[in-house]
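Colleague: Dropping the structure in here first, questions after.
None of the figures in this text is laboratory data; all of them are computed from the coordinates on show. Everything numeric in this text was worked out from a predicted model, so none of it was measured. When we count neighbours, we look across all protein chains shown, and the Cβ atoms used for this are built from the backbone with ideal geometry, even at glycine.
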Amino acid sequence: MEIKEIPLPDEIAMTLDKIEQEASPVSVFVYGSRARKDYKEQSDFEVGVLFNRDKKWGRSQLATLHNISGLNVYPFILEDFQQYKLDTPFPKATYLRELMAGAVTVRGQKVLEAMELPEVMLSDLVEVATFQTAYALGAVLSARQKDLVTASIGFTKSALFGARALVILEAGNFPLSYDEIYEEANKLNFLDEEAKAILAHAMDVRKGQPLNLDMLYKNITFLNQTVYPRIKDQLVSGDKVVLQGHAVSY
């Protein structure tokens with residue numbers, strides 16, 4: 001098994017030590033771009049903390065243990081996690097699969113590493129498509145409020161994670177990093193030049209280039225007219241497994 005390690009700045013490492021000592025969680029893990037190693041200098045540290053149900057700390061309690069900008073700490077209930085049941089707004093199957101495939105345990109028990117990846121169904125991809133369309137709309141609304149930072153994040157993630165749904169559907173694999181998603185999506189021969197331009201701009205924005213506001217609307221069209229229909233068309237013949245794994249009922 002590949003051994004993954006994450007370099008943690010001293011301030012964050014000390015905070016995780018403090019969480020372990022004072023909150024007594026079962027496990028602490030880092031996920032997102034910092035775990036995948038495709039982070040940028042400004043990328044946040046996303047940290048998950050697994051608690052036994054009767055000893056769970058809330059997010060506000062955990063926040064009292066640090067004041068570090070860019071460190072986001074989220075509590076999870078161990079028993080629910082091990083049953084593949086999370087109270088999350090994100091599409092559950094792909095969110096869980098991303099956590100388990102990409103996260104790295106940095107304190108306590110290696111819970112995630114011991115779990116089987118969840119299967120992904122066609123219906124899960126419909127959930128991804130509708131969620132990312134809503135996220136893309138959120139990017140438009142943020143831009144109207146002149147919040148281009150939030151708009152840029154929403155645009156980038158909705159475009160690329162929407163494209164990943166197509167990769168899962170057509171290629172049967174689950175790219176983790178943004179670079180991998182972009183590379184795999186560009187192999188899909190049915191994507192037109194406008195779709196490819198949207199994804200290329202998403203990668204450029206992630207690298208720090210200014211957001212083209214016209215792309216916000218084109219992205220919604222891409223999700224509405226390419227991603228969602230292609231998934232939904234296959235669902236007409238019935239739901240099916242598109243990525244093998246642990247069978248889960250959400």
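Colleague: Please identify every one of the GluC sites (Glu not before Pro) in the range 34-130 that sits in a loop by DSSP and has no more than 13 other beta carbons within 10 Å of its own beta carbon.
Modeller: Here the GluC sites (Glu not before Pro) that fit, given the DSSP loop and packing criteria, are Glu41, Glu116.
Colleague: Follow-up. Filter the chain for me: DSSP H helices, axial length by Cα at least 24 angstrom, mean Kyte-Doolittle hydropathy not below 0.5. List them by residue number.
Modeller: The qualifying helices are 122-144, 148-171.
Colleague: Are there trypsin sites (Lys or Arg not before Pro) in the range 1-69 that DSSP marks as loop and that have at most 13 other Cβ atoms within 10 Å, and which are they?
Modeller: Those that pass, being in a loop and sparsely packed, are Lys37, Lys40.
Colleague: Between Asn67 and Glu41, take the C-beta separation as r, use R0 = 25 Å, and let me know the FRET efficiency to the nearest 0.05.
Modeller: After rounding to 0.05, the efficiency reads 0.75.
Colleague: Any idea how far the Cα center of the range 86-111 sits from the one of the range 207-247, in Å?
Modeller: Taking the Cα centre of each part, the range 86-111 and the range 207-247 sit 22 Å apart.
Colleague: Please work out the FRET efficiency for the pair Ala13 and Phe190, using the Cβ-Cβ distance as r and a Förster radius of 35 Å; give the result to the nearest 0.05.
Modeller: Here the calculated transfer efficiency is 0.15.
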